[in-house]
1. Taking 0.36 nm per intervening residue step and subtracting the Cα-Cα distance, what contour gain separates ASP320 from LEU127 on full extension?
2. Over 27 Å between Cα atoms: which of LYS60/LYS196; LYS227/LYS296; LYS232/LYS296; LYS155/LYS313 fall into that group?
3. So for each of 195-205, 237-247 I average, over its residues, the number of other beta carbons within 10 Å; can you give me the resulting order with the highest mean first?
4. Can you work out the Karplus-derived ³J(HN,Hα) for every residue in region 240-245? Use 6.51 cos²θ - 1.76 cosθ + 1.60 with θ = phi - 60°, whole Hz, and x for glycine or proline.
5. Per residue, how much accessible area does region 13-71 show when a 1.4 Å probe rolls over the protein heavy atoms, in square angstrom?
6. For region 246-259, just list the computed ³J(HN,Hα) in residue order, Karplus coefficients 6.51, -1.76 and 1.60, θ = phi - 60°, integers in Hz, with x standing in for Gly and Pro.
7. Determine the sum of side-chain charges near HIS382: Lys and Arg each +1, Asp and Glu each -1, restricted to other residues whose C-beta is under 15 angstrom from that of HIS382.
8. Hey, which of these cross-link pairs are over 25 Å Cα-Cα: LYS199/LYS246; LYS225/LYS246; LYS157/LYS303; LYS147/LYS237; LYS233/LYS310?
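The values are calculated or read from the model by the stated rules, or taken from the named source; none is laboratory data. The structure displayed is predicted, hence computed values, not measured ones. Don't worry about glycine lacking a Cβ; one is built from the backbone with ideal geometry, like all the others, and counts go over all protein chains shown. Protein only, heavy atoms only, side chains kept; ligands, DNA and RNA dropped before computing areas. Shrake-Rupley method; radii C 1.70, N 1.55, O 1.52, S 1.80 Å.
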Amino acid sequence: MATEIKVPTLGESVTEATIGELLKSVGDSVAVDEPIVSLETDKVAVEAPSPVAGVIKEFKVAVGDTVEVGAVLAIVDEGASATNSADEPKAETPDAGTEKAAPAQAKEATASDSSQTLSPAVRRAVLEHGVDPSTIKGTGKDGRLTKEDVIAAAKAKGDTPAPAPASSAPAPAPAATGERREERVKMTRMRQTIAKRLKGAQDNAALLTTFNDCDMSAVIEAREKYKDLFAKKHDIKLGFMGFFAKAACLALKDVPAVNAYIEGDEIVYHDYVDISVAVSAPNGLVVPVIRDAQAKGFARIEKDIADFGKRAKEGTLTMDDMKGGTFTISNGGVFGSLMSTPIINPPQSAVLGLHRIEDRPVVVDGEIVIRPMMYIALSYDHRLIDGREAVTALKIIKEAIEDPTRMLIDL
């Protein structure tokens, strides 16, 4: 019996998605609830599972198509089993010349016929770096390869071009005009949404950034002193984000405008702090939310952040994970950024930017000493937040980081 696989409900106010990847091929067997299509929405990737066991009879969509909720994705022949290769007619045996002429096609077919289904981005990376996907362990969901896996494998093997064969005659000078290629790739739905939201923030908000720097000595010392005990008790590493999240909660409590937003001609204030944490995902930056951060301890915050990072890489974050948020923290320091002007995440009114830690000479008690310093930045909507409030909030964060005891006694 033929069963239609349809686009599932995608979340509140989300009515359509883009086909990101076909996880199966026509003729493949599928189990109940096994994903067959990956859908890209404005915020997350959603997988459409098969409600029945059987064989993929037909796909009604292709990668890149835009589909609405309820649209038919594929037809599954319920209860059928995949055709045994022994029962299939044998293909003509190509002559030796044909075999030699098509090594590239054979290699690509091998990648396509492996147990892994490669997404277009991963397939391009495999071809560019010349690696064998069957030798790479995937870190994505269900062990699937990601673009980062391919790049890491290429770096591990050196990713260097093979040396040119020796020749007794001098090599001819290269032509003045070599091959110059361009590639056009359609923006993913998520990237399009990111672009619209960030441009909208620039168009609608009066953006301004204030900077400060903070001495990370106390936090580094606390982490070094308690990291083993913390990990043993809570089964999670003690990171820097927990300190900054708690420091931000202090600042937002004292300067509530930084935790508010404008709606029409009204200002909406919050008596709670839901911190959006910028996390890098394969398709772009996402901002899952730590709910009620003001009421959570360091361990719970660190566990939430670790879980978000893992699920972002696997592509399993949900709409609810990224819904809401009253304030954002973005850590460009993990990529080596020294200083930046982060952009707010509408409708929020402020974002804290963290950067890399580096030893710098500073003056302490009249003497020049070396300290591990970090530049911190607060971008804010000047329509709502005055300069005095922004500077005060950032100063509170700086003081809490330089003296973490303040977080314990609420100063």
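1. This chain segment gains 65.8 nm when fully extended.
2. Among LYS60/LYS196; LYS227/LYS296; LYS232/LYS296; LYS155/LYS313, the Cα-Cα distance tops 27 Å for LYS60/LYS196.
3. Ranked by mean Cβ neighbours within 10 Å, highest first: 237-247, 195-205.
4. Each residue of region 240-245 in turn: 7, 5, x, 5, 5, 5 Hz.
5. I get 43 Å² per residue for this part.
6. These are the phi-based 3J(HN,Hα) values: 5, 5, 5, 4, 4, 5, 5, 5, 7, 10, x, 4, 6, 9 Hz.
7. Charge balance near HIS382 sits at -2.
8. LYS199/LYS246; LYS157/LYS303; LYS147/LYS237
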